Amino acid sequence: MARMATMNVNRRRQHATGQGERLIRLTMVLFYGQTISVRYITRRFDVSPRTARRDLTHLAFVLESAGPHRWRLCPSLKP
């Protein structure tokens with residue numbers, strides 16, 4: 001029973017690490033002037049569209065629309 005609880009904690013940690021790493025990598029992509037979309041995130045990171053939309057929600061405060069279903073870094077945050 002204790003082993004099962006430990007496995008669940010480890011899975012949650014892996015998920016949190018995966019999400020953090022994705023957000024950092026997406027921020028880097030945006031910083032270098034590229035645009036991102038749900039499709040880009042799902043293909044690049046092998047995640048579901050729902051997870052990709054959650055990632056975009058987490059980054060919403062630094063994003064602006066770059067066309068239909070595409071986002072880029074806000075101009076005020078560009079170097």
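In this structure residue 76 has an accessible area near 110 Å², from a 1.4 Å probe over the protein heavy atoms. Projected over all directions and averaged, the alpha-carbon convex hull of region 28-79 occupies 3.4 nm². Of 53, 22, the order by accessible heavy-atom surface (1.4 Å probe, DNA, RNA and ligands excluded), from most exposed downward, is 53, 22. Note on residue 31: accessible area is roughly 110 Å² with a 1.4 Å probe, heavy atoms of protein only. With 0.36 nm allotted per residue and the present C-alpha distance subtracted, the residue 58-residue 46 stretch has 2.5 nm of extension available.
The values are calculated or read from the model by the stated rules, or taken from the named source; none is laboratory data. Just so we're clear, the structure is a prediction, and the values are computed from it rather than from any experiment. Just the protein is used for accessible areas: all its heavy atoms, side chains included, with ligands, DNA and RNA removed. Shrake-Rupley method; radii C 1.70, N 1.55, O 1.52, S 1.80 Å.
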